[in-house]
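The values are calculated or read from the model by the stated rules, or taken from the named source; none is laboratory data. Bear in mind the structure is a predicted one, so any value in this text is a computation, not a measurement. Every residue, glycine among them, receives a Cβ derived from its backbone with ideal geometry; neighbour counts consider all protein chains shown.
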């Protein structure tokens, strides 16, 4: 199976039973054989959203402890590419987390981005290639 690169939305939906996409996210995650890949920026966003909803940070650390999620991106090595993506998608106000995921999809050629964010329908990897998605709207 292709590597799954996790965005904030599905992680929040999985961890927060009140989320509209909770059942969908849980079903998708339960079918995975390998840990999902993600970046620090996504985990920071996930923690921020969950804390605002009253959930403990333990839920985010639990993703790492259970090895459901693996951090597999070094922003220091890719900041120039991220800056280029930020400039390319400035009209969409691309987040740092989204830029990291686009870059990760470039580095992991056989991957899908697991997202609830429709901006990924617009983002392109390597300039012109559609990014394969695992999304409820894909």
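Inside region 19-34, can you point out the residues that are free of Cβ contacts under 8 Å to residues at least 60 places away in the same chain and surrounded by fewer than 18 Cβ atoms within 10 Å (Cβ to Cβ)?
If the condition is that a residue be free of Cβ contacts under 8 Å to residues at least 60 places away in the same chain and surrounded by fewer than 18 Cβ atoms within 10 Å (Cβ to Cβ), then 20, 22, 23, 26, 27, 30, 31, 32, 33, 34 are the ones that fit.
On the basis of being at pLDDT 95 or above and farther than 18 Å from residue 33 by Cα, does residue 65 make the cut?
No; evaluated as a whole, the condition is false for this residue.
Looking only at region 108-131, filter to residues that are touching a residue at least 40 places away in the same chain (Cβ under 8 Å), in contact with a strand residue (DSSP E or B) (Cβ under 8 Å, 6 or more places away or on another chain) and in a loop (DSSP other than H, G, I, E, B); which one of those is nearest to residue 95 (Cα to Cα)?
Going through the qualifying residues, I end up with 115.
Is it true that some residue in region 59-82 is closer than 19 Å to residue 120 by Cα, assigned to a helix (DSSP H, G or I) and free of Cβ contacts under 8 Å to residues at least 24 places away in the same chain?
Within region 59-82 (the criterion being closer than 19 Å to residue 120 by Cα, assigned to a helix (DSSP H, G or I) and free of Cβ contacts under 8 Å to residues at least 24 places away in the same chain), the answer is yes, since at least one residue qualifies.
Could you pull out the residue among 88, 111 that is within 13 Å of residue 4 (Cα to Cα) and modelled with pLDDT of 95 or more?
It is 111.
Suppose the filter is closer than 22 Å to residue 105 by Cα and touching a helix residue (DSSP H, G or I) at 6+ places or on another chain (Cβ under 8 Å); does residue 60 pass it?
No.
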